[in-house]
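**Student:** So that we are looking at the same thing, I have put the structure below in structure tokens.
The values are calculated or read from the model by the stated rules, or taken from the named source; none is laboratory data. Keep in mind it's a predicted model, so treat the numbers as computed, not measured. Every residue, glycine as well, gets a Cβ built from its backbone with ideal geometry; the counts of neighbours run over all protein chains shown. For the accessible areas, the whole protein counts, side chains as well, though only heavy atoms, and no ligand, DNA or RNA atoms are used. Shrake-Rupley method; radii C 1.70, N 1.55, O 1.52, S 1.80 Å.
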Amino acid sequence: MSYPLAAYTIGLMQSTPMHHELFLVWSCFFLFVLASSDTITAYSLADVKSPGIILLNRGLQVIYVTVLLQYYSNVLSAKLKLFVFGVWLVSLGKIALSALSYRQALQSDGLQRDNQLIADYMINQTESSHGGAEDPNTNTNTNPDPMVGYMYIVRGEETDNTVTEAPDYIKKIKKEDHNDKLVTVERVWQCKGWLLKSSDRRRDLCLSFALFKLLRRRCGNFPLAESGLPKTRNLVLNRLLEQGSTRAFQVIEVELGFLYDLFYTRYPFVCHAVTTTLPHLAMCAIMVTVGVLTLLSPALRHYHPTHHRSIMLYDINLDVVLTMAIIVLVIVLEAYQFVAVLFSDWQKVKVLCRYVLWPSSLQNNPFIEVLLGVLCYCGSGKYWTRKMRQYSIIRHAILGHPVKDWLSGVTRGWLDNLMFNSGKTRSAKLSGDLQNALASALKKSGGVLSDGCASLKGHKFEQMLSLGKACKHATCAHTILIWHIATYICDVKTRARASRAAGGGGDQQRRHREIAMSLSRYCAYLVSSAPDLLPDHQYTTQTIAEAVLLDLRRCLHGCTSNEAAVLKLQDTAKLAIRTPSTSAPDSIHVLGVRLAEDLMKIGEAKRWEVLADFWAELMLFVTPADNAMAHVEHLTMGGELITHLWALLTHAGFVQRPSHATQSQSV
């Protein structure tokens, strides 16, 4: 919502020589839309960094509408004036609630304070952590309560559960033994009430909220004390991934939904633990009521102007129709806000925590439990599209048109930068097979992430060991682009063989091929369009990618098909090896061709199995990085697979990438 445009529009209503009484109705409902606009999703962090300016603009709109209210007060009917005045009062109430929400968000650096409390709490938990969950090899089937020992906080640190004690005089959360208001993951799993005992989804919602609070510390550079504990890795490897990848990705998806809401919506403040949601819901209900009464009011339905002529069409007053359309729009907006708040995941967690804290009044009461079950059953909005962007740097380099080729040569200084991030990308649905491949690679890691060498050695092919050199490069961009080019060449040759022979391989081979190609194109997309999500500096990654793209365009000049591009790349690689003085034998596209030649020596089915395992392992390897705010920024763009893996690896204790020396020792 543009505040300058709003001020200009309301100013026109006041200054126009045509004195239209319905201008007052429009402006009051328009003011209400402005007062409600902060409950709509923001689209960047810049939208939420200036609350003072937002409140000042709203105050100015109130003044403008108040002047307009006084200006037209003598010409509007008494009943219609009463409804308009009610809308104006509700708008003031909305703005006041917004101000309280902003004050609550900014008071004493609330986010930093909460993060510090959680960080100190986890440090204390780490120092005093004991129990069966410490063993990473614990079999969950032998433990009837798999979350014993996981004292991750769901709710409680926002209330009066903190103490300040000597000698450090730092505010800390009270110990669980003396704190009945603290809800932890362990306590949720131990709840005997039907509402939680009968639904893993509701318990996983509380787990997602607890993990969100742990992940939130990375946005403020707070320490992750629990990352080195065996039980931390055990939570992901032997709990969330126990029966496949579906549950783990669902938990992380909901968790990142909370992170998205924290930065871009008002749900964290509307559904805060120490405040009640009733004022916000009451405002919505009152506004819907006033809007409906205004809509049905005879004063509006049979409105006749006193100072001008109405626009009539077939005996229909178009001024009244437009006014009713505006009111209906506001009613729909408020009804949506009411439902969104009432059935948000934040409200569900709040209700479930009270269900745990108040067993005598909420548990074992069939009516209450059914009512709460309905509230928790309804789903909320999803921010993640569950899609992966796909990019092929070779396809992008094949211009395939003389005009584009000429423009690329003439304006290379700026046109390539313009085309680079927006060219030749598409989206692919995240498949269950790909999720399972990533989960399997994580479980096989043994606690140490590998750059792909472990998967190559795991297949026990002697010729595979020579491919390990293709994993050892200075940056992730080098490794990704070399293997991306090699995978592309293998795919082109596989499709060419399949077109000549009957069939295209078995189902298992097709699955491995789809996994390898999807991850290869996704990693290439990260290098080209989202370098800030990779561990290396984004300028370094972007420079490498742009240089490789220009080299490929020079090399593939005149090529119009995939097959022609592969033949041209192979000829270029041979020339570089024979005459290194004229061509660089260590350029990325040449290394990619040489790698593809080694891969083609392996049987086709085994080759795609090796590539699928390699890309899954490499995908995990490039994920850990200290770039939390970059992931937060990308949440507004539909979310990224690497963000989900980043959160999952964080909760498994993988915070930083291991060095090559560490990998060599592990494999």
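**Student:** If you average the alpha carbon positions of the stretch 189-217 and of the stretch 533-568, how far apart do those two centres end up, in angstrom?
**Tutor:** Here the answer is 46 Å between Cα centres.
**Student:** Could you do me a favour and compute the accessible area per residue for the stretch 560-627, 1.4 Å probe, result in Å²?
**Tutor:** On a per-residue basis, the stretch 560-627 sits at 40 Å².
**Student:** Got a sec to turn the phi values of the stretch 471-488 into Karplus ³J(HN,Hα) couplings, 6.51 cos²θ - 1.76 cosθ + 1.60 with θ = phi - 60°, whole Hz, x for Gly and Pro?
**Tutor:** Residue by residue, the stretch 471-488 yields 9, 9, 9, 5, 10, 5, 4, 4, 4, 5, 5, 4, 6, 5, 5, 5, 5, 4 Hz.
**Student:** Please list, in chain and number order, the residues 5+ apart from residue 162 or on another chain whose amide H is under 5 Å from its amide H, with Hs placed from the backbone.
**Tutor:** For residue 162, whose amide H was placed from the backbone, the distant partners under 5 Å are 174.
**Student:** Shifting gears a bit: Sequence-distant or interchain residues sharing an amide H contact under 5 Å with residue 154, placed H: which?
**Tutor:** For residue 154, whose amide H was placed from the backbone, the distant partners under 5 Å are 183, 184, 185.
**Student:** What is the percent carbon and sulfur in the accessible area of the stretch 191-272, measuring with a 1.4 Å probe over the protein chains and ignoring ligands?
**Tutor:** 49
**Student:** On to the next question. Within the set of other residues whose C-beta is less than 12 Å from the C-beta of residue 385, count the net charge using Lys and Arg as +1 and Asp and Glu as -1.
**Tutor:** +3
**Student:** Please report, as a whole percent, how much of the solvent-accessible surface of the stretch 540-632 comes from carbon and sulfur atoms (probe radius 1.4 Å).
**Tutor:** Exposed carbon and sulfur together represent 55 percent of the surface.
**Student:** While we're here: Provide the packing ranking of 646-655, 554-563, 610-619, i.e. peptides ordered by the mean count of other C-beta atoms within 10 Å per residue, highest first.
**Tutor:** Ranked by mean Cβ neighbours within 10 Å, highest first: 610-619, 646-655, 554-563.
**Student:** A further question follows. Over 18 Å between C-alpha atoms is what I'm after, so list which of 213/348; 172/213; 387/606 land there.
**Tutor:** 387/606
**Student:** Something else now. Out of the trypsin sites (Lys or Arg not before Pro) in the stretch 424-461, which ones are loop residues according to DSSP with at most 14 other C-beta atoms within 10 Å?
**Tutor:** Sites meeting the loop and neighbour criteria: 460.
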